[in-house]
Amino acid sequence: MGVVFCQARYSIPEETPEGSFVGNIANDLGIEISRLISGKARVVTKGGRQYVELGRDKGTLVVKERIDRDELCKQTTPCSFSFDLIMENPIELHRVTVELMSFSNVIAENSPVGTTVAVINVEDADSGQNGLVQCKINDNLPFKIESSLSDYYALITDETLDRENIAEYNITILVSDQGSPERHNNKTLNVKISDVNDNPPVFSSEEYKTFVIENNSPGVAVLTVKTSDADWGPNARLSYFLEDNNLQANLVSSLVSVNSETGVIHAIKAYDYEQMKSFSFNVTARDGGSPPLSSEVTVTIIVQDQNDNAPQVLYPVQTGGSVVAEIVPRSADVGYLVTKVVAVDVDSGQNAWLSYKLQKATDRALFEVGAQNGEIRTVRQVTDKDAVKQKLTVVVEDNGQPSRSAVVNINVAVADTFPEVLSEFTDFTQTKQYNDDLTFYLVLALAAVSFLFIMTVVVIISVKIYRWRQSRIFYQSNLPVIPYYPPGYADTGVTGTLPHMYNYDACMKTESRKSDCKYSTLGGQSVLVMDPSFTETMQRAMREKAFQQDLDSPEVVRK
Ligand SMILES: [Ca+2]
Ligand SMILES: [Ca+2]
Ligand SMILES: [Ca+2]
Ligand SMILES: [Ca+2]
């Protein structure tokens with residue numbers, strides 16, 4: 001009984017599904033199919049599971065059940081399992097080893113050049129020239145195969161990868177020996193490139209511009225910013241944000257909002273062209289990568305004018321009560337400029353393009369209005385028959401769609417004299433009455449003020465004259481000065497001048513109280529004396545004067 005020992009070795013990728021082809025054992029070991037059948041060839045696995053089964057009629061080995069690498073090898077690399085192919089009559093025993101090619105078929109796109117993608121075990125049971133194995137992969141791939149250890153080849157990256165360009169590769173590994181005839185085998189590996197967040201969001205336009213007609217309804221969608229992100233999954237999932245800052249005293253967030261998911265920009269409120277003609281703001285798009293990448297774009301919203309303002313008449317001023325009238329002399333020639341209607345419109349363009357029309361007139365044949373300039377001129381010569389009082393109604397209209405207008409009433413007085421005008425315009429009479437009253441009160445107030453002023457001047461002059469005369473009395477009189485002491489005044493012997501001066505001052509200050517003051521002529525000099533001691537003081541003065549005279553004349557004999 002001869003026992004033949006042969007060895008065969010196969011490599012299969014991990015996670016090979018049930019029924020996958022492992023190898024053609026009949027070919028590889030040179031066994032006839034009939035021998036496999038007659039020898040009742042079978043696969044015998046010691047211990048563990050039988051992962052592979054033999055197809056006797058074809059001489060092939062296929063995966064019988066899913067091979068769980070973790071269960072089989074844990075973390076051991078390389079991972080393989082063996083079984084025996086046994087035949088009877090005569091007994092033959094062939095050892096077959098199956099290597100699980102250990103590789104992750106996913107590689108990140110930012111992996112550096114030289115990163116190992118897979119390690120492949122290639123063995124040939126033959127020895128010598130027949131056992132020398134060559135390993136190749138298909139051309140034009142960013143990978144290469146390198147021999148690392150004997151029987152092991154490493155598939156490594158040869159160029160930088162870009163998932164956004166090519167997301168997966170099917171790499172065919174061609175194994176051949178140098179025997180004659182040459183035997184070869186090939187395996188195709190599927191390598192997937194995993195995404196890295198290496199692309200920022202890209203807006204479809206460098207900047208966005210949109211037009212919104214003023215008085216828009218709040219909440220209306222005005223624009224959508226479109227972006228793309230070449231990455232995949234969360235790295236390409238975009239959110240939009242508004243960059244908030246102050247815009248002409250408005251916060252951007254008070255004017256617009258952006259839908260964070262869709263990039264639709266909504267107006268928050270109704271815009272007013274007259275307040276803000278355009279505004280710009282930034283929108284940021286950010287992807288969901290880690291770390292995230294973002295891009296920014298400027299959005300400009302141009303508010304368009306709507307004819308929402310009627311013209312405003314600046315002249316003639318339209319006031320409630322009083323009426324202003326333009327006066328046209330009867331001698332006025334044809335084309336005489338009566339007045340000019342001045343109006344403005346805060347809108348723009350056609351919406352502010354004003355035209356003037358004479359709507360009503362006392363005498364339509366007498367006046368015309370310049371359609372563009374609002375000038376009111378006489379059309380014909382004024383005659384004596386023309387009424388003094390002429391009323392014109394002028395319509396100022398803008399050119400918007402629909403147009404808006406304002407009406408202005410103009411009074412025209414065809415007269416040469418003012419009284420003529422007054423007699424016609426009753427409104428004017430009322431105004432004059434009012435003006436007359438006002439004038440009367442003004443004159444009255446002026447007269448009162450003047451009178452008070454003159455009185456003040458008179459009083460000041462009187463005081464000055466009085467003081468001057470007083471000083472003349474005191475300093476030029478030959479008579480002794482007789483001070484007046486009020487009743488109860490006690491001269492305590494103070495001989496200073498102050499108490500005496502005080503008395504004179506007090507006397508002068510009470511000058512207006514004429515009943516208290518009296519002038520008396522003593523010896524041709526005026527002396528001021530005061531009641532109630534007037535009599536007493538006079539008597540004393542007289543006595544002292546007499547006494548003085550006595551002293552002056554030696555002939556007088558003292559009584
Ligand atoms: Ca991205
Ligand atoms: Ca990417
Ligand atoms: Ca407007
Ligand atoms: Ca307008």
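Throughout, read-outs are computed from the coordinates displayed, never taken from laboratory work. This one's a predicted model, so the numbers in the text were calculated from it and none came from an experiment. Every residue, glycine as well, gets a Cβ built from its backbone with ideal geometry; the counts of neighbours run over all protein chains shown.
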Give me the number: length gained by fully extending Glu168 to Ser290, i.e. 0.36 nm times residue separation minus the C-alpha to C-alpha distance, one decimal in nm. 41.7 nm
Proximal charge balance of Asp386 [Cβ under 9 Å; K/R count +1, D/E count -1]: 0
Efficiency of FRET from Cβ geometry, Ile302 and Trp353, R₀ 22 Å, rounded to 0.05: 0.60
Long-range HN-HN contacts of Asp345 with modeled amide H, under 5 Å: Gln312
Of all trypsin sites (Lys or Arg not before Pro) in the range 266-364, which ones are in loop regions per DSSP and have a Cβ with at most 16 other Cβ atoms within 10 Å? Lys269, Lys277, Arg330, Arg364
Would you calculate the volume per residue, in Å³, of the smallest convex hull containing every Cα atom of the range 312-424? 93
Under a point spin-label approximation (7 Å from Cα along Cα-to-Cβ), what is the Val449-Ile33 distance to one decimal in nm? 13.8
Measuring from label point to label point, each 7 Å out along Cα→Cβ, what is the Asp57 to Thr160 span in nm? 5.6
Per the C-alpha gyration tensor (a ≥ b ≥ c, the square roots of its eigenvalues), the range 179-266 is rounded if a/c is under 1.5, else prolate if a/b beats b/c, else oblate; here it's prolate
Filter the GluC sites (Glu not before Pro) in the range 187-284 to those in DSSP coil with at most 12 other Cβ atoms within 10 Å of their Cβ, and list the result. Glu206, Glu261
Just to check I understand the Karplus step: with θ = phi - 60° and J = 6.51 cos²θ - 1.76 cosθ + 1.60, what whole-Hz values come out for the range 158-163, glycine and proline as x? 10, 9, 6, 9, 9, 4
Here the net charge surrounding Gly374, from other residues whose Cβ is less than 14 Å away from its Cβ (Lys, Arg +1; Asp, Glu -1), is -3
Taking amide H positions as placed in the peptide plane 1.01 Å from N, state which residues far from Thr115 in sequence (5 or more) or on other chains have amide H under 5 Å from it. Thr157
